[in-house]
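Let me begin by presenting the structure, written as structure tokens, before commenting on it.
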Amino acid sequence: MTQILKTGKELDALREKLKKQRESVKQTITICGGTGCHGYGCQKVIDAFRQELASRKLEKEVELRVSGCHGFCERGPLALLAPSGIFYQRIDVADVPAIIEKTVMKGELIDKLLYVLEDGKKAAHEKEVPFYARQNRLVFANNQRINADSIEDYIAVGGYAALPKALAMKPEAVIDEVKKAGLRGRGGGGFPTGRKWETVRKAQPGEKRYVICNADEGDPGAYMDRSLLEGNPHSVIEGMVIGAYAIGANEGYIYVRNEYPLAVKNARIALDKAREMGLIGKNILGSGFDFDIIISRGGGAFVCGESTALMASLEGKIGEPRAKYIHTAEYGLWNKPSCLNNVETWANVPMIINNGSEWYSKIGTATSKGTKIFSVVGKIKNTGLVEVPMGVKLREIIFDMGGGIPNGKKFKAVQTGGPSGGCIPESLLDLPVDFDELTKAGSMMGSGGLIVMDENTCMVDIARYFTEFLSEESCGKCVPCREGVRHMLEILNRICKGEGKAGDVELLEEMSEAITDASLCALGGTAPNPVLSTIRYFRNEYDAHILEKRCPAGACKALINYSVIDKNCTGCTACARVCPTQAAVATDKPAQGAIKGKVNPKLKMHKIIDEKCIRCNMCFEACKYDAVQIK
Amino acid sequence: MSKITITIDGEKVEATAGEMLMDVCRRKGIFIPTLCDHKDLMPYGVCRICIVEWDRGDWSKMITSCNFPVKEGQVFRTNSEKVIRERKMIMEFTLARSSKTPEIIELAKILGVESSRFPTQDEGCILCGMCIRACSEVVEANAIGFAQRGSHRKISSPFYHEATDCIGCGSCSYICPTKYIEMKEDADTRTLPIWNVTFEMAKCKKCGQKIAPKKQIEFLKKRAKNLPEGWFDLCQNCR
Amino acid sequence: MDISHVDKICKDHGNRQDQLIGILQDVQAQYRYLPQKPLERVSELLGIPIAQVFSVATFFRAFSLEPRGKNVCQVCMGTACHVRGAQRLLEEIERGFGIVAGQTTKDANVTLETVNCVGACALGPVIVVNEEYHGRMDGTKTAKLIEDLKTKGE
Amino acid sequence: MSNFSVYASRLAEKTEHFTPGHRACVGCAEALAVRLVAKALGDNVIMVNATGCMEIISSPYPDTSWDVPWIHTLFENTAAVAAGVESALKVLRRRGKVKDPRRIKVVAMGGDGATADIGFQALSGMLERGHDVLYICYDNEAYMNTGIQRSSATPFGASTTTSPAGEKSKGQQTWKKNMPAICAAHGIPYVATACPSYPFDLMAKVKKAVSIQGPCYLHVLSVCPTGWRSASDLAIRMGRQAIESGVFPLYEVENGEWKLSMDFEKLIPVADYMKGQGRFRHLTEQDIAGIQEHVTKEWHALRKKCGLE
């Protein structure tokens, strides 16, 4: 039976009750049920645990929790055991009986499931793992403590405590608190959240107003919003209710990407539960304040990260932005004052109300407060989500938490801010991460994707990739973005094909000025950033492509050749078997390379016929003896 | 509406608060090129040719004058080097798209652009959206729209078939700045090939002259109230 | 074509204009693409002009106005996947089925699409087949995936 | 283009460059024509205005109806002055004194007397020299400003003060001079006829004419209730009847190619057009039959030129 909460006191009482219930359980096993771990097959592991527990009749003593993303996606599927705090990674279905048998029942560690530290020692607890050790998990903390679809869990760990507190305050005081905390929008632009709320509150007196949660995380390479909404949707909802109360809105939307089915599902469950308990809906906790939230699914358009485009799309129109000389805070959705913040921003709000602005503003740098979640992906050892206080150096994130570059390759650059951001070279890695510092370096915070690139990543190709992405994602409304970005792409394509001309780089720079200044929205306005930042820091690579017709990273297909290193070729025929165009063929000479220390003269040396080669990289991947080289 | 004073190119100009900058410039006889602005339609701000520089003291910002509501004390430059340079680049983009359209070639010449450095196309439509806006804002028929997005964007009837809501009023053709939207008429019919529609024309009961497409008259009948019986049966001459 | 589903879908969404995209998603889930008749019905029920519904249906990437195959194979082209070689995998699949991204095989078995980031960046490169994630793909795994899909079609 | 009627009117230019408050007679279709032309031209224009009704009514000292540059010229030299303005602009531009990158349109205008009679040779010279000027003739078929004297554009049978109808006379004894054809014969790029009763056709033709480089000629029939002795509320209808009866057909001649703007399966009788006008009141049925015959013949000749017969 769901209890309808009529006052804050009832909520507190319920929390106490749930806490006790939670404490009564002797042991818990928390399995990460984020999308990353699902990709590794965590559902099978979960099912195995369930079965195992059932067969041993341990269901009452051991609680199995399926939580949201724990962040360390690289090592999934992950499990966290309480109260022992043991942390297991890369779990296989076959390991499940052993975990129950040894660890849960006897408290023994299973060696092979522990994380191996750099010095070869094993870490039994999360805190000992460098990836977790240096993080400061505030927003993300509850993700691994609760069942993603359980409101009771959220309440038990202190959720919805900020709500009655805020409802007891005057709306202006709530805004004031957020302003003092120095919270800035986590969606990319970094606009002060409190100021935005204030504008919305003051605009068009007497009119209806809206709060909107932007969960249309379009930045490729960023997925913290997804993880939050999947793992802890109530924190977002709580933030939205507080925000709505502060600005005087009675209706809210969560605009979520349809590509995130689990996030849609969990958010929907969370809303239904919150509504049942009276935490959203009419007369919330007896305060007389009404507020409800509807989920709207996006259709897959990067431009809908732009507030005006998102609102147009909510209105059932095509997602094209409009000029923002009149702010959406004054005339937004259906021409009413509207407050749009992204998932992470909303999730920060309950924390500020709970702990006070003074506490919050102590975290971070002078202009950027609080923590920020980054998704560290690309050519890096420990891919995953990290939450760090603002001001942490990029180097710490990439090398200390991220573990550096795999396969002994060299670090080349890190791309921040998604397609609108820029590439930051090694020389700037000691840059503290905050909104203003990144902008100064020609990039931006964006939603917090950090894509790490190694020496095999071609920076011209990266610029081309982002430009292609933006050209496809441009809504096509205004000329500089639609036509300009397309022409930029055309030039970059030429350069990557080895058809670049002297003066192309200068033309790109000239075009960038007009595209940046004259585009209608931020998509176009920041579209040249990847090109400009790569020109700024990696001009030599452009020159190599244009003047020497050479791709230094060996990535641009038209500028590279595959060949066989004779002395390494063992004649194993792996390349010939995978080659889709019969470009890798055996010669009549015997192979010189040794298999397990032995040269087999019956095996023939292979070669690659360049005219037939389509540079699909299959032979390179297939060769176990490093006999295929890219030049 | 309160009167305000703004500065354009060093000259003090009186304006009404909230008035669009382009209108103020026009009144002062300052030439602002545009390809997508129309007085009877809501500003859309897509051709971007009308950009001017908004002087903020120690920094400046480029804004489009067609949809920029002016406020007291603002300072603008409509002919700074930056404005001229960026307008030229945008014009080059537009010219590359519509390299054979006389109206575009002429405006390009005015802005000092003789040719485009980019690969050229011969697209009659510049995607200014005037036809679509006229159809929805003025006629309220909402018969046409944009299809696709990005560089694939085009104006289109639903499903690229017959525009079922089209009433054949021809406003799209009338307003099209590049004369891309054709309207053909013969003795009994009117055709708008781009929307795949042909209409039978209603004729005046008295003189037999064509009045308008029958569908348009039906559309009007639904909206116009209190008109005399048979008002739509006669042409303007015979009414 | 049976368009009675459309009425239910729209009703489930409260016939609200602000649910247009969600409704179109559900209509697409029902018919595997967006046929004209159901869209006209949506237009009628929601009071949104058909021209606008059509614009929205062609604007967003998620929608297809052409019938899609029995299996939908999506290659993630997000940045993380790109730097880990997603382009090559896409080309491999294109070769494997003899179609390019956005097309459907002649036997209507497989539709190949690209998506801009499915938010599983740690798994990159990712290929999603019928909403099932295949992470850390390489040439060999992809070749197997192609074979599997081909057998499914038989 | 004729039936843009309903919605296009809402999209038409609303700024007036020939502003209200002028002294034209009630129901003057010529003032209406000038207003529409000024609208179509916009503000980037220099007007050269011959002596005549439009000059007198728009510029009584110290007022003016014009909010574009405007110069008054004599009957005989309008086209010459316009040619001078255009040449001067060229020179000023070359010397850097005119910096506006736009083409500044020079438009000359005059009545039928200033065009077909007194200013005829200057016009012919301007057309022949190829100046980039649009010449617009507002034809009200007599010298109305000075008291309704006949001009060479007065139609056959019309009674004016110098071609009065009486016992011995049946009014004007010659057929109307075909100015558009004469101008077209100069081989200029664009000649057209128009009438304010068809405002969108008129404005489209003006816009087309100014967009064309080189001399262009536009002949606008302007109903004059005072001089034609017709009801002042019927000027628009009378204009339509002139076109529908074939008395004043609407056509364009673009680079020597003739094109009818409005074709009719069946023309309305000339008598319908004439009956509302005092200047034709004296004509007998037989006279009108003669005129009808002439009009029909001319109409077919025109259709033939346009390749329709």
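In this label model, A:Arg90 and A:Lys602 are separated by 3.6 nm, measuring between points 7 Å along each Cα→Cβ vector. For the stretch C:107-123, accessible area lost to neighbouring protein chains reaches 40 Å² or more, against the chain alone with a 1.4 Å probe, at C:Asn116, C:Cys117, C:Gly119, C:Cys121, C:Ala122, C:Leu123. Which percent of the accessible heavy-atom area of chain A goes to carbon and sulfur, probe 1.4 angstrom? Heavy-atom surface of chain A belonging to carbon and sulfur, 1.4 Å probe: 51 percent. With 50 Å² as the minimum drop in accessible area between chain alone and full protein complex (1.4 Å probe), the qualifying residues in the stretch B:78-113 are B:Glu86, B:Met89, B:Phe93, B:Ile110. Using a/c under 1.5 as the rounded threshold, could you call the stretch B:9-150 rounded, prolate or oblate? The axes a ≥ b ≥ c are square roots of the C-alpha gyration tensor eigenvalues, and prolate needs a/b larger than b/c, oblate otherwise. The shape class here is oblate.
For the residues of B:129-137, the average number of beta carbons from a partner chain within 10 Å of their own beta carbon is 2. Among the protein heavy atoms of chain D, carbon and sulfur supply 55% of the accessible surface, probe 1.4 Å, non-protein parts ignored.
Here the stretch A:265-300 and the stretch D:247-265 have alpha carbon centers that stand 69 Å from each other. In order along the stretch B:208-221, the phi-based Karplus estimate (6.51 cos²θ - 1.76 cosθ + 1.60, θ = phi - 60°) of 3J(HN,Hα) comes to x, 6, 5, 9, 6, x, 4, 5, 5, 5, 4, 4, 5, 4 Hz; Gly and Pro are listed as x. Quick one: which of B:Lys39/D:Lys90; B:Lys206/D:Lys275; B:Lys3/B:Lys39; A:Lys208/C:Lys37 span more than 27 angstrom between C-alpha atoms? Listed pairs above 27 Å: B:Lys39/D:Lys90; A:Lys208/C:Lys37.
Couplings for the stretch D:96-108, taken from phi via the Karplus curve 6.51 cos²θ - 1.76 cosθ + 1.60 with θ = phi - 60°, read x, 7, 9, 9, 4, x, 6, 6, 8, 7, 9, 10, 9 Hz in order; Gly and Pro are left as x.
Between C and A, buried accessible area from a 1.4 angstrom probe totals roughly 4100 Å², ignoring ligands, DNA and RNA. Comparing the full protein assembly with the isolated chain (1.4 Å probe, heavy atoms, ligands and nucleic acids excluded), the residues of the stretch A:209-224 losing at least 20 square angstrom of accessible area are A:Pro220, A:Gly221, A:Tyr223. Rolling a 1.4 angstrom probe over the protein heavy atoms with all chains in place gives the stretch D:97-186 an accessible area of 40 Å² per residue. Evaluating 6.51 cos²θ - 1.76 cosθ + 1.60 at θ = phi - 60° for every residue in the stretch A:621-631, the Karplus couplings come out as 5, 6, 6, 8, 10, 6, 8, 9, 10, 10, 10 Hz, glycine and proline recorded as x. Across the stretch A:150-309, Cα-Cα pairs more than 21 Å apart make up 46 percent of the total. Label-to-label distance for D:Arg102 and C:Arg95 is 5.9 nm, based on points extended 7 Å past Cα in the beta-carbon direction.
Residues whose amide H lies under 5 Å from that of A:Asn342, counting only those 5 or more places away or on a different chain, are A:Arg186, A:Gly187, A:Asn214; hydrogens are built 1.01 Å from N in the peptide plane. Per-residue accessible area (protein heavy atoms, 1.4 Å probe) orders C:Lys11, C:Lys141 as C:Lys11, C:Lys141, starting from the largest. The overall shape of chain C is prolate: from the C-alpha gyration tensor, with semi-axes ordered a ≥ b ≥ c, the ratio a/c is 1.5 or greater and a/b exceeds b/c.
Between amide H atoms placed 1.01 Å from N, distances below 5 Å from A:Ala584 occur with A:Ile609, all of them 5 or more places distant or on a separate chain. Computed from protein heavy atoms with a 1.4 Å probe, the total accessible area buried between B and D is close to 2400 Å².
Using the Cα gyration tensor of the stretch C:4-59, with a ≥ b ≥ c the square roots of its eigenvalues, what is the shape: rounded (a/c below 1.5), prolate (a/b larger than b/c) or oblate (neither)? Rounded. Using just the Cα positions, wrap the protein assembly as shown in a convex hull and report its mean projected area in square nanometres, one decimal place. The number I arrive at for the protein assembly as shown is 60.1 nm². Distances between placed amide hydrogens fall under 5 Å for B:Lys203 paired with B:Ile211, all partners being 5 or more residues away or on another chain.
Per-atom-type breakdown for chain B gives carbon and sulfur 50% of the accessible area (1.4 Å probe, protein chains only). The mean number of Cβ atoms from other chains found within 10 Å of a Cβ in peptide C:131-139 is 4, as a whole number. Centre-to-centre, using Cα atoms only, the stretch A:131-166 and the stretch B:176-239 are separated by 66 Å. Eigen-decomposition of the gyration tensor built on the alpha-carbon atoms of chain A gives equivalent ellipsoid semi-axes of 45, 35, 19 angstrom, largest listed first.
Across A:Asp588, D:Asp63, A:Asp119, B:Asp37, the residue with the most accessible area heads the list, and the full order at a 1.4 Å probe is A:Asp588, A:Asp119, D:Asp63, B:Asp37. The loop-placed trypsin sites (Lys or Arg not before Pro) in the stretch D:136-210, going by DSSP, that have at most 10 neighbouring Cβ atoms within 10 Å of their Cβ come out as D:Lys168. In the full protein context, the stretch A:561-630 carries 58 Å² of accessible surface per residue, based on a 1.4 Å probe and ignoring ligands, DNA and RNA.
Per residue, the solvent-accessible area of the stretch A:388-442 (1.4 Å probe, heavy atoms of protein chains only, all protein chains present) comes to 33 Å². Secondary structure note: in the stretch A:16-135, about 60% of the DSSP beta bridges are antiparallel.
Against the main long axis of the alpha-carbon atoms of chain D, helix D:199-211 sits at an angle near 40°. When all alpha carbon pairs of chain B are counted in 10 Å bins from zero, the resulting P(r) reads 7, 25, 27, 21, 14, 5, 0, 0 %. What accessible area, in Å² to the nearest ten, does a 1.4 Å probe give for C:His5? Result for C:His5: roughly 70 Å² accessible. D:Lys259 sits among other residues whose Cβ lies under 15 Å from its own Cβ, and their net charge, with Lys and Arg +1 and Asp and Glu -1, is -2. Other residues with beta-carbon under 9 Å from the beta-carbon of A:Ala203 carry, at +1 per Lys or Arg and -1 per Asp or Glu, a net charge of +2. For trypsin sites (Lys or Arg not before Pro), the sites in the stretch A:1-82 that DSSP calls loop and that have at most 11 other Cβ atoms within 10 Å are A:Lys57, A:Lys60. The candidates C:Glu66, B:Glu11, arranged from most to least accessible area with a 1.4 Å probe in the full protein assembly, appear as C:Glu66, B:Glu11. Reported value for the stretch C:26-116: 99 Å³ per residue, from the convex hull of its C-alpha atoms. The Cα center of the stretch A:476-494 and the Cα center of the stretch D:39-109 differ in position by 43 Å. Loop-located GluC sites (Glu not before Pro) across the stretch A:91-186 with a Cβ neighbour count of 13 or fewer within 10 Å are A:Glu108, A:Glu118, with loop assigned by DSSP.
The values are calculated or read from the model by the stated rules, or taken from the named source; none is laboratory data. None of these values were measured; they are calculated from a predicted model. Neighbour counts run over all protein chains shown; Cβ positions are idealised from the backbone, glycine included. Heavy atoms of the whole protein, side chains included, go into the accessibility calculation; ligands, DNA and RNA do not. Shrake-Rupley method; radii C 1.70, N 1.55, O 1.52, S 1.80 Å.
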